[in-house]
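J.: The structure is given below, and queries will be raised subsequently.
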Amino acid sequence: MRMIGRRALWTTALMLLGLLQAAWLIADVPLTLKLASSALLMLAVTRPELSLLVWAGLAPLTTSIAGQAGAPFFGALLLEVSTLAVITGTVVRHTIPTPTRLATPALWMGAVAVASGLAELPVRLITATQDQASYPAMARLLFEHAVHRIPALDPWYFGLLVAEGAALAWTAETLVRRQPVLAARVVWCALLGHAGVALLNISRMIGASLRGGDFPGSLPGLLLRVREHTQYDVNAAASIFVLVVLAAFGLFRTRAWTSAALAAAFVSVGVWVTGSRTAIAALLITLSAVPALRARGSARRVGLAAAAVLVSVGVFAWLAIGYPAGRNLNVPSSISSRLVLFNTALSMAREAPVLGIGAGTFLEESEHYGATGLQPMLGRSKDNAHNYFLQTVAEQGVLGLFALLALLASALWPTLRGPHRHDPAATWLAAGIVACILTWFSGHPLLVTEAALVFWLYVGVLAGSSRTPSTRPTLTHLTFIAVVAVLVSVPFRAVAERRAVTLEHFGVGVSLWQPEVDGEKYRETGAEFSLFFPSGATMTLPVRSATSANVTIELRSGSRLIDAVVAEIGLWKPVRIVAPESASRYVRIDFQAVGASGELVPCDGCLWVGKDVTKALPPQPPEGR
């Protein structure tokens, strides 16, 4: 029975991976990128260990690679499809599973995130444009993220991103357990790739200095004022750079320590160039803590630890006193804005403590939970949590936070307390991961695809470097039961979300609100648009022709015609609409501009639609009269 379950899981995984790969191959993507991803897939099927090394070295450079292919915005998507290639190759090549620490928590974390994203999809698809509303189109959109990011489907995108990261961590652990020498090689390849990115950032600084005509005199000033990262978000990049630098310390006892030190130096400069104060602080704290924790029993180690602490204290003092003003948001504003967002996250968590408000929804929902307090400080009323732990518990609830912590603990705890705690390579690899996690308390690097996948690569390598795990069939069975329960809950959660969503004055195919004309604010529309009305309500909707002729409009609920009205020239006409009864709070009414014989009349901006209001009911006579 267990073997049948494993085969079913393997088959399901391959089908999903194959569909996502196919979405990339049939899409409008430059041929060179398709060939590159196909080549990596073939390498992964034949030599998955080698494909992981290629992935580690090229992952930091995917934006530059995509840019050279003429598609600079495909960097993150290229990295995703490359990740799927490595995972697919491992699943195909190693049909007999290797005992791993991360399989169970990775499955749980992926299931929770994907279920959270799926539960949000029906509401998102309801509000999608009309050409996305058919069932075949809905099925296509589930895999559309592999090529084009669709904002309406962000919950699905972020749910899959979490699942891909968990699967990559499991893949890295599996391959490292099969070939232990792979751990150091992966760290080496990733170090070289990130050193290359750091060099690109530094070269941009040098280029700016040359263009200014005062090279090299202007270079120090640029390094003190400007923040730069050519690949993705500067703060997320800084978190990963810190991880890469600290993990590189474990290579300093190899024969090629000079090369490792030089590459680590470039990445360290890259940390400064990104300008993240949190990342710099996390790097200094960890550099002080690791020697201090290993200092017992050796006067030399005690001296090194004391020196590290003194250097860190000095740098901290300089950061507090002499850090260049204007390079970052000032400290009081930074702290105040984060306090607003922390309270926003806690408000979300209180509303949905177990399951969260939905993966990938924090940014757009934040203004409804208190983030409007950011307006006087930052000039905007919505943002992410700037704390990945709070972001996770707000979006995925306690279940999601527990899954995240379980996966991290599965990788870190055995290394920190087991026989490998005196192994410098494993110690510094764990230190890098911990330092990156420290940046999560004031940032959210794992919301960025490139940063998230590189982080989970290192987690998998660390887990594979620890001792072989003991099998726990009971825990595995309980996890499978929990995963099934979470996935089965998706339809019920989707129905609850559908009923709770507020769609008042929401429209599809309409413009933003325009200034008043003849006392009526309005939105422009084309020949087809849709509006949402309270279920069973009687509403009045002002309409007006924006052309030189009257326009006939048909109103439909689903395929049923419920009315036909004429929008007149230069005159607001109130249209009475009786919304059908529904189990949901809102129903969708579709509007079409038609000709005399009922055919659709294409037009752009041909109608103006005002704000719908509830129609007052006539007074009822007293009883008995």
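J.: I'm spelling it out carefully: the read-out is mean projected area of the Cα convex hull in nm², the candidates are [x] 53.8; [y] 26.0; [z] 37.6, and one was derived from this structure. Which label?
T.: [z]
J.: Classify segment 507-614 as rounded, prolate or oblate from the Cα gyration tensor: take a ≥ b ≥ c as the square roots of its eigenvalues, call it rounded if a/c is under 1.5, otherwise prolate when a/b beats b/c and oblate if not.
T.: oblate
J.: At a Förster radius of 22 Å, what calculated FRET efficiency corresponds to the Cβ-Cβ distance of residue 506 and residue 150, to the nearest 0.05?
T.: Working: r = 17 Å, r/R0 = 0.79.
Rounded to the nearest 0.05, the efficiency is 0.80.
J.: Just to be sure I understand the model, the point goes 7 Å from the Cα along the line to the Cβ. What's the resulting residue 477 to residue 346 distance in nm?
T.: About 4.2 nm separates the two model spin labels.
J.: Among 490, 460, 448, which residue has its Cα furthest toward the positive end of the charge dipole of segment 422-512, with +1 on Lys/Arg Cβ and -1 on Asp/Glu Cβ?
T.: 490
J.: Can you give the relative contact order of segment 507-614 as a percent, counting alpha carbon pairs under 8 Å and 6+ residues apart? If you can, show how the numbers build up before the last one.
T.: On the way: 263 pairs, mean separation 42.0, N = 108.
Averaging sequence separation for qualifying contacts and normalising by length gives 39 percent for segment 507-614.
J.: Oh, and also: Report the one residue of 600, 512, 533 whose Cα lies farthest in the direction of the positive end of the charge dipole of segment 507-614 (charges on C-beta: Lys and Arg +1, Asp and Glu -1; origin at the Cα centre).
T.: Among 600, 512, 533, the one farthest towards the positive end of the dipole of segment 507-614 is 533.
J.: Name the cysteines of the chain that stand alone by the Cβ rule: no other cysteine Cβ under 4.7 angstrom.
T.: Those would be 189, 436, since no other cysteine Cβ in the chain comes under 4.7 Å of theirs.
J.: On to the next question. What dipole magnitude, in Debye to the nearest 20, does the chain give about its Cα centre under +1 on Lys/Arg Cβ and -1 on Asp/Glu Cβ?
T.: Using only the charged Cβ atoms, the result is roughly 2780 debye.
J.: Hey, another quick one. Just want the ordering: 521, 382, from fewest to most Cβ atoms lying within 10 Å of their own Cβ.
T.: So the ranking, lowest neighbour count to highest, is 521, 382.
J.: Looking at 105, 155, 614, which one has the Cα that reaches farthest to the positive end of the dipole of the chain (charges on Cβ: Lys, Arg +1; Asp, Glu -1)?
T.: 105
J.: Most exposed first by the Cβ proxy, i.e. fewest other Cβ within 10 Å, how do 233, 518, 28, 612 rank? Could the numbers behind the result be given before it?
T.: Numbers: 233 18, 518 11, 28 7, 612 23.
Fewest-to-most ranking of 233, 518, 28, 612: 28, 518, 233, 612.
J.: Could you put 34, 611 in order, starting from the residue whose Cβ has the fewest other Cβ atoms within 10 Å? Before the final figure, lay out the partial values.
T.: Numbers: 34 17, 611 13.
With the sparsest Cβ surroundings first, the list reads 611, 34.
J.: Give me the count of lysine pairs in the chain whose alpha carbons sit under 15 angstrom apart, restricted to pairs 8 or more positions apart or on different chains. List each step's numbers first, then the result.
T.: Working: 521/573; 521/611; 573/611; 573/615.
Summing the qualifying lysine pairs gives 4.
J.: Only four residue types carry charge here, +1 at the Cβ of Lys and Arg and -1 at the Cβ of Asp and Glu. Report the dipole size of segment 507-614 about the Cα centre in Debye, rounded to the nearest 20. Could you put the intermediate results ahead of the total?
T.: Working: 10 positive and 13 negative charges, 63 e Å.
Value, rounded to 20: 300 debye.
J.: Now for a different question. On a full-extension model of 0.36 nm per residue, what is the gain between residue 564 and residue 98, subtracting their alpha-carbon distance, rounded to one decimal in nm? Before the final figure, lay out each step's value.
T.: Numbers: separation 466, 0.36 × 466 = 167.76 nm, distance 6.54 nm.
Length gained, residue 564 through residue 98: 161.2 nm.
Every number here is computed from the coordinates shown, using simple stated rules; none is lab data. Quick caveat, the model's predicted, so the values are computed rather than measured. In this analysis, Cβ positions are derived from the backbone assuming ideal geometry, glycine residues included, and neighbour counts consider all displayed protein chains.
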